[in-house]
Amino acid sequence: MNQEEQNIIKGCIKGDKKSQYALYNKFKKDVFGLCLRYAKDRAEAEDMMQEGFIKVYTDLYQYRPIGPLGGWIRRVVINSCLRFIRKRKRLVFNEYSDQMSSSLQSDDDVISDLSAKELVKIIQRLPEGYRLVFNLYVIEGYSHKEIAVQLGISDNTSKSQLSRAKAYLRRELEKILI
């Protein structure tokens, strides 16, 4: 961690508004992009981002410079997004079905042809449970076991939600490309 980040962190911990603004400016783009993937729309993403930064400022004293500050902020914001969703809505997950298909490995080429904005809009249209599991597994790299613990569901439900999310995304991509 460089000296600038150390000074920003110290200032934020002391409640210094300039330091908080500096931290916000340094990470706002990445945090907003993260929140957009978990939100159903831009307004909800803005609310998530605000709550996420509040949590970052509140918990910054817990940060240990073992890893990059951005990685720590990312984890705090993801947890904040999950809390936001739990608080605002009742999550509904469809239970696991052995008949689900998860053969979507060839879709990587299709996705690479889309702009980031187009892809985020498609992800935002996913039903809530699908969107959460998709983001946590595909984008954030959590295992199904970790997702199950985070969301209070079974491993198989996580796998099912991911499979259904991929199927949903495939149908949406086919509409765009055909």
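Quick note: the coordinates plus some simple rules give every number you see, no bench work behind them. Only a predicted model underlies this, so the values are computations on that prediction, with no experimental measurement involved. Note: ideal-geometry Cβ built from the backbone for every residue, glycine included; neighbour counts use all protein chains shown.
Counting other Cβ atoms within 10 Å of each Cβ, which trypsin sites (Lys or Arg not before Pro) in the stretch 1-85 have at most 11 and sit in a DSSP loop?
Lys14
With +1 on the Cβ of every Lys and Arg and -1 on the Cβ of every Asp and Glu, and nothing else charged, how large is the dipole of the stretch 3-88 about its Cα centre, in debye rounded to the nearest 20?
Charge dipole, the stretch 3-88, about its Cα centre: 180 debye, nearest 20.
Which value, in debye to the nearest 20, describes the size of the charge dipole of the stretch 105-177 about its Cα centre when Lys and Arg Cβ atoms bear +1, Asp and Glu Cβ atoms bear -1, and nothing else is charged?
280 debye
Take the residue pairs Lys28/Lys121; Lys17/Lys87; Lys17/Lys117 and return only those whose Cα atoms are more than 25 Å apart.
Lys17/Lys87; Lys17/Lys117
Can you sort Ile176, Ile85 from fewest to most other Cβ atoms within 10 Å of each residue's own Cβ?
Sorted ascending by nearby Cβ count, the order is Ile176, Ile85.
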